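Before any comments, here is the structure.
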Amino acid sequence: MKITQQHKSFFFGNQLFGGQEQSIGEKAAMKKQLAMKGAMHVVTSTNKSEKKIDELSEEHKGRIRQLQDDSEEASAFLKDVNQKMQETKEACGIADDSQEQKDLELLQKQYEMQKPGSSVTLTEEEQERLANMGEMTEYQKLAMELYKEADHWKTKMGDYQDEMVAEGKAVRSIKIDRLKSHAMEDAQKTKEEMLEAASKEIVGMLVDDAKDKIEEKAEELQEAAEEKKEKEEELEEQIEAAKEKKSQAEAAAEEVRESIADMTEAAAKGDDIVRDIDDEIQKIMEEEKLLLEDLKGLTIDAGA
């Protein structure tokens, strides 16, 4: 399948591949989802296993039912063969205590002895009788054919019975193992434990995130407090500087006022001095005028 740019954005830019920073809520939701998925996987897997066990048990039970049907069918065939044997005996007029019937029973015993695993044995008299019996009669031939057929169905019934016993043991073994294992109960318990563990982990994540946020907020408040303190210190420095400037300005103003006062006083004194000088000059001028007048008078007097 061709991967388009949109698919790339979805698969490689989403939260699963770290393309974007997840929030704590998203992380908690994902953790819960994964835990639920894992827990359900345990239950589902166990449930599937249990279903397979149920299916296996049902297969064994189905086989038992089939064997029962086969055994009933074999029993019906055996009954039919036995019925034919009795009808053949009656049709041939064979009595139970006749030599022909006794020889047939000896032939049947010989047949049983020749079967694998047989424990049947013949006496010396029986062996001698078989050796001197001669050819089988028509009745004996028919009876032996029916006897062999009956033996076939007996063997089948025995095999069916043995297999039914084995299948029954398998079903009981499955039941016992299930009672011992408590698979679904254990799976349910495991699911609850997984969800509880995930819940604790999520709570831990949320608590850690809350702690981080509280610490981060505390750091922000500390920084803000320090910044405020710095600003207050700067303001105090500015106020002190302003006070100092004010003091300097007031001192300078005082000096100016004193200087102006001195100048004013000096000016006032200057005016008095000027007046004194003017008076002194006037006085001198007047004296010089008098002296001049005197000189003039002296001159006039000298000419006369």
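Restrict the check to the range 100-114 and report whether at least one residue is open to solvent by 70 Å² or more (accessible area, probe 1.4 Å) and among the acidic types (Asp, Glu).
Checking the range 100-114: at least one residue is open to solvent by 70 Å² or more (accessible area, probe 1.4 Å) and among the acidic types (Asp, Glu).
Does Gln188 count as more than 27 Å from Val42 (Cβ to Cβ) and either open to solvent by 90 Å² or more (accessible area, probe 1.4 Å) or of a type in the set (S, T, N, Q) (or both)?
Numbers: more than 27 Å from Val42 (Cβ to Cβ): no; either open to solvent by 90 Å² or more (accessible area, probe 1.4 Å) or of a type in the set (S, T, N, Q) (or both): yes.
Here the answer is no, as Gln188 does not meet what is asked.
Out of the residues in the range 24-83 that are open to solvent by less than 40 Å² (accessible area, probe 1.4 Å), among the hydrophobic types (A, V, I, L, M, F, W, C) and modelled with pLDDT of 95 or more, which is farthest from the chain's Cα centre (by Cα)?
Val81
Which one is nearest to Ser71 (Cα to Cα), of the residues in the range 115-154 that are among the hydroxyl-bearing types (Ser, Thr, Tyr) and open to solvent by less than 90 Å² (accessible area, probe 1.4 Å)? Break it down into steps so the answer makes sense when it comes.
Going residue by residue through the range 115-154, those that are among the hydroxyl-bearing types (Ser, Thr, Tyr) are 118-119, 121, 123, 137, 139, 147.
Now narrow it down to the ones that are open to solvent by less than 90 Å² (accessible area, probe 1.4 Å): 118, 123, 137, 139, 147.
Details: Ser118: 23, Thr123: 35, Thr137: 33, Tyr139: 29, Tyr147: 18 Å.
The extreme case among them is Tyr147.
Cβ-Cβ below 7 Å, separation at least six or inter-chain, first residue in the range 178-199 and without any contact (Cβ under 8 Å) to a residue 24 or more places away in the chain, second open to solvent by 80 Å² or more (accessible area, probe 1.4 Å) and outside any helix (DSSP H, G or I): which pairs?
none
I'd like to check which helices (runs of 4 or more DSSP H) are fully inside the range 86-201 and have at least 2 residues that are modelled with pLDDT under 95 and of a type in the set (Lys, Arg).
Details: elements: 99-113, 124-131, 138-181.
Counting at least 2 such residues, we get 138-181.
Quick check on the range 206-214. Is at least one of its residues surrounded by 10 or more Cβ atoms within 10 Å (Cβ to Cβ), among the basic types (Lys, Arg) and within 30 Å of Met40 (Cα to Cα)? Outline the logic, then answer.
Let us first name the residues in the range 206-214 that are surrounded by 10 or more Cβ atoms within 10 Å (Cβ to Cβ), namely 206-214.
Now narrow it down to the ones that are among the basic types (Lys, Arg): 211, 213.
Next cut, within 30 Å of Met40 (Cα to Cα) only: none.
Within the range 206-214, not a single residue is surrounded by 10 or more Cβ atoms within 10 Å (Cβ to Cβ), among the basic types (Lys, Arg) and within 30 Å of Met40 (Cα to Cα).
Taking the range 40-78 only, how many residues are in contact with an Asp or Glu (Cβ under 7 Å, 6 or more places away or on another chain) and among the hydrophobic types (A, V, I, L, M, F, W, C)? Spell out the reasoning first.
Taking the range 40-78 first, the residues in contact with an Asp or Glu (Cβ under 7 Å, 6 or more places away or on another chain) are 60, 63-64, 67.
Then keep just the ones that are among the hydrophobic types (A, V, I, L, M, F, W, C); that gives 64, 67.
Matching residues across the range 40-78 total 2.
The values are calculated or read from the model by the stated rules, or taken from the named source; none is laboratory data. Please read these numbers as outputs of a predicted model, since none were measured by experiment. When we count neighbours, we look across all protein chains shown, and the Cβ atoms used for this are built from the backbone with ideal geometry, even at glycine. Note: accessible area is taken over every heavy atom of the protein model, side chains too, but ligands, DNA and RNA are not part of it. Shrake-Rupley method; radii C 1.70, N 1.55, O 1.52, S 1.80 Å.
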